[in-house]
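The values are calculated or read from the model by the stated rules, or taken from the named source; none is laboratory data. As the structure is a computational prediction, the values presented were derived from the model and not from experiment. We place every Cβ from the backbone using ideal geometry, glycine too, and count neighbours over all the protein chains shown.
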DNA sequence: CCTCGTTTGGAATACGTATGCATTTCTATG
DNA sequence: CATAGAAATGCATACGTATTCCAAACGAGG
């Protein structure tokens, strides 16, 4: 059923190696035969076998992208530019959507079917990076990393972003401030919390335990956290959320609870997903360049594969910017 | 760098074929040597080469899923159950996210690196199915198909769903009704429109051209369509949207235009994405079982690959159900 | 003690492509 | 016209795994 280069060779009246060379524009094959081979390949609808090529060249021109939950709107916005940039660099993207990092490691990453890996949902306790290191598989972190030195990573200035928000909230007069941060085993969660806490501390404001929630970067985290925060002795007047998806969960919970935003509650997100600008939300948030974050990761990985990256590791950090919309207000 | 079955064989003191057999639990290898080989493989962290196996067996146990725009929240909700079901069936999912169907065909689907394909974003004018047929590559349509007979498809009763909505709107007293349908080259768009029109016609209600918009199943389609519909001589009192994402665009546009939903305008979607239930939307819509739709597609494809499917084609149709929430109201 | 059948393992090879090396076919130059 | 050199193509082989076929070893029965 499948058509091989041998079939093309037979039809064109040349040898198989000549077909291989002709189709790859090897200068060693004459223009005449090149044309002849091309026509034969066209006629037979020949497509080179990926497996054969891989086995022969020991290179797949394919890069794996690990994402645990595509349902989270954040990731599609990462995956799309990643795909385009990788394609531009001559690689194909293979999206691996596993529930957990670990299941992925053994079977799929190390079977020589990938030239490199982008880790988009790394946790600080994952054993995956070590496994990849051991097998010499090039990889980069995207958005999250493990916080170790010597890593290759394209990340955001999370700490700076957290600081931005704290400064704004303090400037608006808020004192009873709550935080719904990301999971403690993610650097995005930790760094945003750190920056936020440090800037609050600079202003002499504390963040008591009953005004702090940590959880996955999901809608439900925000949706369920708000009622809990409101039950505290002194309800917060402002909430900083680990990302936009969590903030949107909070906004919906606020609506369910009959709270008006921003009059009764200021809500601030992180990421500035397209969704954040929707009229129903008009979410005040922290922006960073998600496209550039992804493109940078792609380029860094390819540099690493080519051996052109700094052997000591490279950590590319993108700046953040405060985006005022309609979910924050001065405390009255 | 890479460890092969030959390395394992050397360490275990057996031949390479024995390694292959031992790790695949071939009864022809004794329990003792099997254990010996296993330990050697373990010690070396051996992972079989995908390319080598593919070349030898001519089977990849890998299925491609074609989706054009992951940014559209509909698709992640299809991809996740698809991934799980395929995994359950012993296949790996490879997600192909190309802008257009055509770019995909030549290079990626026919290079013998896939055992089958799921088409989730087919258009009626796509040449891709014909190409796959020509090369004997098994495939199924998911959600959308091309409307041809002899196809293998897992779809929704779109026409019935369209009828449901029309009946409800008529029953609520609406007469000036608008439709924002999907693209004309998709069966989902066409069938929902057809069912809607037929049921309206049954009630003696027409659908004039200035109350009809067609466009991609995207947020922007709804967001931009509403202002246009409102400019008509007689503004509609109800809008049926081709899917939830479009409806959400309409809801945001309504908010921007100062229209109250459902008092000023009834809005109805299709799909019942999790997002539709969010408090900010509470979208009245048409539900179908997206998980089952995906699982069914996976099972159908695997049956087709195994040669167990009906050679005349199979078209599995899931029922729809009306989901009343808060975006519809009786005309007063 | 010989023979036959069974069990277990190895040798050889196929899968499809790419590439180093040998070979042929030109062209140009003496 | 002979020959060196360049250009073009073919031959042989490697890549890693799975499988077909064959050989060895072993035990049982006569």
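Please work out if residue B:49 is out of contact with any strand residue (DSSP E or B) (no Cβ under 7 Å at 6 or more places or on another chain) and either surrounded by fewer than 20 Cβ atoms within 10 Å (Cβ to Cβ) or in the same structural domain as residue B:278 (by TED's automatic domain parsing) (or both). Break it down into steps so the answer makes sense when it comes.
Numbers: out of contact with any strand residue (DSSP E or B) (no Cβ under 7 Å at 6 or more places or on another chain): yes; either surrounded by fewer than 20 Cβ atoms within 10 Å (Cβ to Cβ) or in the same structural domain as residue B:278 (by TED's automatic domain parsing) (or both): no.
Taking the combined requirement at face value, the residue does not satisfy it.
Confirm whether residue B:75 is surrounded by 17 or more Cβ atoms within 10 Å (Cβ to Cβ), closer than 21 Å to residue B:294 by Cα and within 16 Å of DNA strand D (Cβ to nearest atom). First the steps, then the outcome.
Details: surrounded by 17 or more Cβ atoms within 10 Å (Cβ to Cβ): yes; closer than 21 Å to residue B:294 by Cα: yes; within 16 Å of DNA strand D (Cβ to nearest atom): no.
For residue B:75, the condition - surrounded by 17 or more Cβ atoms within 10 Å (Cβ to Cβ), closer than 21 Å to residue B:294 by Cα and within 16 Å of DNA strand D (Cβ to nearest atom) - is not met.
Are there any pairs with C-beta distances below 7 angstrom linking a residue in the stretch B:23-47 that is closer than 15 Å to residue B:4 by Cα to a residue that is near DNA strand C (Cβ under 10 Å from one of its atoms), with the two at least 6 apart or on different chains, and if so which?
B:23/B:37; B:37/B:12; B:37/B:14; B:37/B:18; B:37/B:19; B:37/B:22; B:38/B:22; B:40/B:12
Suppose we filter the stretch B:57-86 for residues that are in contact with a helix residue (DSSP H, G or I) (Cβ under 9 Å, 6 or more places away or on another chain), more than 9 Å from chain A (Cβ to nearest Cβ) and free of Cβ contacts under 8 Å to residues at least 24 places away in the same chain; how many remain?
Residues flagged as in contact with a helix residue (DSSP H, G or I) (Cβ under 9 Å, 6 or more places away or on another chain), more than 9 Å from chain A (Cβ to nearest Cβ) and free of Cβ contacts under 8 Å to residues at least 24 places away in the same chain within the stretch B:57-86 amount to 0.
Does residue A:84 qualify as being part of a helix (DSSP H, G or I), surrounded by fewer than 16 Cβ atoms within 10 Å (Cβ to Cβ) and modelled with pLDDT of 85 or more? Even if it seems obvious, please write down each step before you answer.
Details: part of a helix (DSSP H, G or I): yes; surrounded by fewer than 16 Cβ atoms within 10 Å (Cβ to Cβ): no; modelled with pLDDT of 85 or more: yes.
Here the answer is no, as residue A:84 does not meet what is asked.
Quick check: anything in the stretch A:231-241 within 27 Å of residue B:72 (Cβ to Cβ), at pLDDT 95 or above and either touching a helix residue (DSSP H, G or I) at 6+ places or on another chain (Cβ under 7 Å) or within 14 Å of another protein chain (Cβ to nearest Cβ) (or both)? Talk me through it step by step, then tell me what you get.
So in the stretch A:231-241, the residues within 27 Å of residue B:72 (Cβ to Cβ) come out as A:241.
Within this subset, residues satisfying the condition of being at pLDDT 95 or above are A:241.
Now narrow it down to the ones that are either touching a helix residue (DSSP H, G or I) at 6+ places or on another chain (Cβ under 7 Å) or within 14 Å of another protein chain (Cβ to nearest Cβ) (or both): A:241.
Yes.
Filter the stretch B:272-297 down to residues that are more than 14 Å from chain A (Cβ to nearest Cβ), assigned to a helix (DSSP H, G or I) and crowded, with 18+ Cβ neighbours inside 10 Å, then give me how many there are.
Filtering the stretch B:272-297 for residues more than 14 Å from chain A (Cβ to nearest Cβ) gives B:272, B:284-289, B:292-293, B:295-297.
Then drop every residue that is not assigned to a helix (DSSP H, G or I), which leaves B:292-293, B:295-297.
Next cut, crowded, with 18+ Cβ neighbours inside 10 Å only: B:293, B:295-297.
Result for the stretch B:272-297: 4.
So which of B:19, B:8, B:65, B:78 is in contact with a strand residue (DSSP E or B) (Cβ under 8 Å, 6 or more places away or on another chain) and under 27 Å from residue A:49 (Cβ atoms)? Explain how you work it out, then say what you get.
Working: B:19 fails: in contact with a strand residue (DSSP E or B) (Cβ under 8 Å, 6 or more places away or on another chain); B:8 fails: in contact with a strand residue (DSSP E or B) (Cβ under 8 Å, 6 or more places away or on another chain); B:78 fails: under 27 Å from residue A:49 (Cβ atoms).
Of B:19, B:8, B:65, B:78, the one residue that is in contact with a strand residue (DSSP E or B) (Cβ under 8 Å, 6 or more places away or on another chain) and under 27 Å from residue A:49 (Cβ atoms) is B:65.
Residues A:17, A:27: which one is in a helix (DSSP H, G or I), surrounded by fewer than 22 Cβ atoms within 10 Å (Cβ to Cβ) and either within 8 Å of DNA strand D (Cβ to nearest atom) or assigned by TED's automatic domain parsing to the domain that holds residue A:218 (or both)? Reasoning before the result, please.
On the way: A:27 fails: in a helix (DSSP H, G or I).
The conditions single out A:17.
Limited to the stretch B:91-120, what total is found for residues that are at pLDDT 90 or above and outside any strand (DSSP E or B)?
4
Examine the stretch A:13-30 for a residue that is within 16 Å of DNA strand C (Cβ to nearest atom) and within 9 Å of chain B (Cβ to nearest Cβ), and state whether such a residue exists.
Initial filter on the stretch A:13-30 (within 16 Å of DNA strand C (Cβ to nearest atom)): A:13-30.
Okay, now just the ones that are also within 9 Å of chain B (Cβ to nearest Cβ), so none.
Scanning the stretch A:13-30, I find no residue that is within 16 Å of DNA strand C (Cβ to nearest atom) and within 9 Å of chain B (Cβ to nearest Cβ), so the answer is no.
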